[in-house]
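The values are calculated or read from the model by the stated rules, or taken from the named source; none is laboratory data. These figures come from a predicted structure and were not determined experimentally. Neighbour counts run over all protein chains shown; Cβ positions are idealised from the backbone, glycine included. Each accessible area value is taken on the protein alone, full model and side chains, heavy atoms only, with ligands, DNA and RNA left out. Shrake-Rupley method; radii C 1.70, N 1.55, O 1.52, S 1.80 Å.
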Amino acid sequence: MAEADHQLKLVFLPFFSTSHIIPLVDIARIFAIFGVDVTIIATPANAAIFQKSIDRDSARGRPIRTHTVKFPFSEVDLPEGIETFNADTPRDMTYKIHRGLSLLKDQFEQLFQDYQADCIVTDMFFPWSVETAAKMNIPRLIYVGGSRFAHALGHSIEKYEPHTKVESDTDTFVIPGLPDEIRMTLLQVPDSLRTTNEFTYMMKAIKDSERKSFGSLFDSFSVLDGAYLEHYKKVMGTKSWGVGPVSAWANQGEDKAKRGRAKVEEEEGWLKWLNTKTEESVIYVSFGSMNRFPLSHLIEIAHGLESSGHNFLWVVPKKQKGDEGFEFLEEFEKRVKETNRGYVFKGWAPQLLILDHPAIGGVVTHCGWNTVMESVNAGLPMVTWPLFAEQFENEKLLVDVLKIGVAVGCKEWRKWDDFPEEAAVTREEISKAVALLMGDGEEAKERRTKAKELSQEAKKAIEAGGSSYNSVKEIIEEIRSYKRGKVMHEA
Ligand code: UDP
């Protein structure tokens, strides 16, 4: 067998935030399904987020492993175990995690060499890795978090600056150069595009590395935002593939229940409760892995859900020292238990399993892309409540293009941990949006039908011959052919 035809070795490096780790590890696991030899690099606490899935895959005979690297706690003055960005991360420690991460660069580079990677697949937040790959003469694939649609909006806003031509920050403007007519307001634009700050430079470095990469990977599929794949290739000038929905593809059967940190004893309570509910009668409410709302917001959500007239399962993060409002939540929980109207889930919910339960009929989401893809796959319409990152752009896709979303009416982009004193959305707005989504009006029915159609398309995309399935095969072929070219050149 020629050297280039040997089993390909791919090394994956996820970023240290829960919601970037989850999809990139799923992508790594998909490549292992195709027989590619896969190594994932992570520090111990980050590896703990997904290790059980890797153990199961490995027991199934798939060529996949994790290589753990110790996090440099003492060098950056962090307590052991604080090495992930999520809702539990003490806010004053995030910059130290960034510093620790930068100290690991040499070790990461050494590991790419040691594992004799034929290709590295690294998160967008590691722009330096494109130079590493160039030095090693191997391709780098960049994993871009978020949707291709949001990427296109961000790109056009940066290029044409339509937000600088409006008179007020609530006037809408059309974003030029896109396949659809999309309108936004200045307040909805991420601050790295509105002003020039540290993040603006970071995003520029990411884009620069993206253009130099062999190609980019998105958790998406062709029917969802295929027009934006073509658009992407044109404006970025690089290859790109949609390989989603990655969670549905990588997590089948028991993987769904066991993904992440779901605990069995918590599963039982919610499951028993959901089992008492009729089909599509419950709305699932979650704001992702980073969110910790202040009390004012929790109060509005609680009242809004209660007065919506619909059943709900609401996920809130576990109480932390200094958190206000848990007495309020406990009382609320007691009350809705008595009326059998709602279930408050504290901690890390088994989201994939919940979304698949027949009693769930809709989702309230902050439009984090993973949750959007998981809800699309489950065939669920969404109430959209964007908060930070590219979530306002994702809202436009759901509400204006795909027409499977109802906007709750959140008006202003904020940093992920910076909330206004007063809740950004009122209880009346929440209750109204939930009632619209879960009700039986014509539009609600149409949204449900569209969401179910998209779910069918999502499932087709990952079957043999589907768009995402073909993408993964094509990527493997392209890496193989790169390797062949290299071997011939070196011979
Ligand atoms: N998630 C989960 N249980 C929770 C909260 C979140 O399994 O209690 C998962 C969710 O399924 C998704 C990810 O965490 O895969 C959240 O990612 P998303 O992009 O939706 O939001 P972010 O965390 O980036 O704000």
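Listing for the model above:
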| item | result |
| --- | --- |
| Against the rule of thumb 2.2 N^0.38 Å, how large the Cα Rg of segment 1-120 comes out | 1.13 |
| Beta bridges per DSSP with both ends in the chain, % antiparallel, nearest 5 | 5 |
| Rounded to whole Hz, the Karplus (6.51, -1.76, 1.60) HN-Hα couplings of segment 392-398, x for glycine and proline | 5, 5, 4, 4, 4, 4, 5 |
| Accessible-area composition of the chain, carbon plus sulfur, in percent [1.4 Å probe] | 51 |
| Relative compactness, the chain, computed as alpha-carbon Rg over 2.2 N^0.38 Å | 0.96 |
| Between segment 295-337 and segment 214-262, the alpha-carbon center distance in angstrom | 33 |
| Point-to-point label distance, residue 114-residue 235, nm (Cα→Cβ direction, 7 Å offset) | 4.0 |
| Enclosed volume per residue, in Å³, of the convex hull spanned by Cα atoms of segment 129-224 | 108 |
| Environment charge of residue 97, counting only residues whose C-beta is closer than 15 Å and scoring Lys/Arg +1, Asp/Glu -1 | -3 |
| Vicinal HN-Hα couplings computed from phi for segment 355-370 (Karplus, 6.51 cos²θ - 1.76 cosθ + 1.60; Hz; Gly/Pro x) | 4, 7, 5, x, 6, 7, x, x, 9, 9, 9, 7, 6, x, 5, 5 |
| Segment 95-135 residues near the modelled residue 320 label - backbone nitrogen below 13 Å, point 7 Å along Cα→Cβ | 95 |
| Two-decimal Rg to Rh for segment 159-313 - Kirkwood Rh, Cα set | 1.04 |
| Convex hull (Cα only) mean projected area of segment 312-365, reported in nm² to one decimal | 4.3 |
| Estimated inter-spin distance, residue 296 and residue 58, nm [label 7 Å along Cα→Cβ] | 4.9 |
| Net length gained if the chain between residue 281 and residue 307 were fully extended (0.36 nm per residue, minus Cα distance) | 7.9 nm |
| Alpha carbon Rg of segment 277-428, scaled by the compact-globule rule 2.2 N^0.38 Å | 0.98 |
| Residue 33/residue 481 FRET efficiency (R0 22 Å; Cβ-Cβ; nearest 0.05) | 0.60 |
| For segment 359-457, the spread of Cα positions along each principal axis, largest first, Å | 39, 26, 24 |
| Segment residue 334-residue 167, length gained on full extension (0.36 nm per residue, minus Cα span) | 55.3 nm |
| Length released on extending from residue 470 to residue 446, taking residue separation times 0.36 nm less the Cα-Cα span | 5.6 nm |
| Order by protection proxy (mean Cβ within 10 Å, highest first), peptides 107-116, 341-350 | 341-350, 107-116 |
| Relative packing of 294-307, 376-389, which averages over residues the other C-beta atoms within 10 Å, highest first | 376-389, 294-307 |
| Gyration tensor verdict on segment 161-213 (Cα atoms; rounded if a/c is under 1.5, prolate if a/b is larger than b/c, oblate otherwise) | oblate |
| Given 159/411; 96/486; 52/473; 234/403; 52/334; 9/415, the pairs whose alpha carbons are separated by over 28 Å | 96/486; 52/334; 9/415 |
| Per residue accessible area in Å² of the chain, where ligands, DNA and RNA are left out and the probe is 1.4 Å | 42 |
| Virtual spin-label span in nm between residue 196 and residue 488, 7 Å along Cα→Cβ | 4.6 |
| Surface/4 estimate of mean projected area, convex hull on alpha-carbon atoms of segment 349-392, nm² | 3.0 |
